[in-house]
1. Residues that are touching a Phe, Trp or Tyr at 6+ places or on another chain (Cβ under 7 Å) and not small (Gly, Ala, Ser), at least 1 per element: which strands (runs of 3 or more DSSP E) completely within the range 52-136 meet that?
2. Can we say Leu161 is touching a Leu at 6+ places or on another chain (Cβ under 7 Å) and either farther than 21 Å from Ala253 by Cβ or not assigned by TED's automatic domain parsing to the domain that holds Ala53 (or both)?
3. From the residues in the range 265-281 that are hydrophobic (A, V, I, L, M, F, W, C) and in contact with a strand residue (DSSP E or B) (Cβ under 6 Å, 6 or more places away or on another chain), which one is farthest from Leu188 (Cα to Cα)?
4. Take the residues of the range 117-133 that are closer than 12 Å to Val20 by Cα and in contact (Cβ under 8 Å) with a residue 60 or more places away in the chain: which is farthest from the chain's Cα centre (by Cα)?
5. Being at pLDDT below 95, β-branched (Val, Ile, Thr) and out of contact with any Leu (no Cβ under 6 Å at 6 or more places or on another chain) narrows it down to one of Val113, Val126, so name that one.
6. Looking only at the range 79-104, which residues are of a type in the set (A, V, I, L, M, F, W, C) and in contact (Cβ under 8 Å) with a residue 60 or more places away in the chain?
7. So which residues in the range 49-74 are of a type in the set (A, V, I, L, M), over 14 Å from Pro122 (Cβ atoms) and touching a residue at least 60 places away in the same chain (Cβ under 8 Å), if there are any at all?
8. Scan the range 162-195 residue by residue and report those that are surrounded by 18 or more Cβ atoms within 10 Å (Cβ to Cβ) and within 24 Å of the chain's Cα centre (by Cα).
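The values are calculated or read from the model by the stated rules, or taken from the named source; none is laboratory data. Since we're looking at a predicted model, the values are computed, not measured. So basically every Cβ, Gly included, is an ideal-geometry build from the backbone, and we count neighbours across all protein chains shown.
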Amino acid sequence: MTEMRFLPAPRARPRIALVVKRSAWRIYLEERKDPRLGRLVEIGDPTVARLRASHDAHEQTVREVKTALERLDAEVLHVRGSSQAFDARGQDLVVTVGGDGTLLSASHSVEEVPILGINSAPEHSVGFFCGARSGEAASAIEKALRGALRRAVLTRMMVTLNGRVVTSRILNEALFCHASPAATSRYLVRLGKVEEEQKSSGFWIGPAAGSTAAQRSAGGRVLPLTSNKLQLVVREPYTPHGEDYRLRHALLAQGTRLVVRSKMHEAKLFFDGAVNSVDVGFGDVLELMHAPQPLTVLGISTKRKWGTGSPTLFREP
């Protein structure tokens with residue numbers, strides 16, 4: 001009787017969505033051939049001195065990542081530019097090549113799939129959300145696919161406008177303000193039983209992941225990365241008669257929401273950068289709350305790391 005041997009099923013090819021930033025050099029000089037930038041580059045103007053170096057470093061990392069994916073025989077979904085929406089369902093991993101801005105933009109297309117950011121030009125860009133950097137791509141991607149990279153599950157925020165969901169995937173922050181940065185922002189704001197009318201330069205609100213950025217710069221607290229609270233920070237409150245805004249700064253626990261009624265004809269809600277925005281008019285109602293789906297980011301520590309002169313980590317009660 002012939003012995004029957006069962007061969008193991010062939011390993012499926014890993015499916016990876018690859019999101020690559022388009023550098024400023026590529027956009028303005030190679031594609032648009034901007035004449036003003038071209039002249040500035042020719043005369044060695046200091047405002048453009050870093051563009052080429054950053055571009056070259058980025059392109060080297062892109063080649064590194066693509067070589068690593070070829071060696072893994074990965075089935076790659078190529079996403080051209082970080083602002084392009086894509087369907088991440090069915091992917092094993094989302095890899096972004098750029099900096100924090102690239103990962104933030106890509107995260108708006110991601111629900112449950114883990115995301116790995118590779119900082120393509122560490123000398124020129126910020127990469128707090130990036131779990132690897134140039135020179136580490138092959139090792140990081142391989143570890144990510146076999147579940148050997150540490151992971152951080154980060155809270156996100158959802159926004160509705162007049163009852164319609166605008167976005168449910170804000171990772172960093174949202175800014176609500178007048179369409180003109182020189183104009184006063186006027187609005188009614190309610191949190192729980194506290195309601196008040198405010199005048200200011202607008203307000204920042206977002207999850208803990210964004211508390212080291214705009215929230216911190218506006219006087220907010222640096223929250224633990226694992227916190228599930230949202231933080232509200234009002235920018236430059238206008239209180240000519242010594243008013244004391246009770247909602248100048250607040251932390252929103254899970255299950256609570258901030259309700260805002262616009263008293264401006266031309267207002268904006270920006271989220272996760274300057275590209276994503278929605279127009280808000282007089283009487284429109286915004287509601288900001290916790291998103292149902294967090295984001296899993298690979299390779300980053302949940303402990304904040306600060307250099308000399310940085311603020312103390314805020315520990316929640």
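1. The qualifying strands (runs of 3 or more DSSP E) are 75-80.
2. yes
3. Result: Phe271.
4. This residue is Ser120.
5. Numbers: Val113 fails: at pLDDT below 95.
None of the other options fit; the residue is Val126.
6. Step one: list which residues in the range 79-104 are of a type in the set (A, V, I, L, M, F, W, C), which gives 79, 85-86, 88, 93-95, 97, 103-104.
Selection gives Val79, Phe86, Ala88, Leu93, Val94, Val95, Val97, Leu103, Leu104.
7. The answer is Val65, Ala68, Leu69, Leu72, Ala74.
8. Val166, Thr167, Arg169, Ile170, Leu171, Asn172, Glu173, Ala174, Leu175, Phe176, Cys177, His178, listed by residue number.
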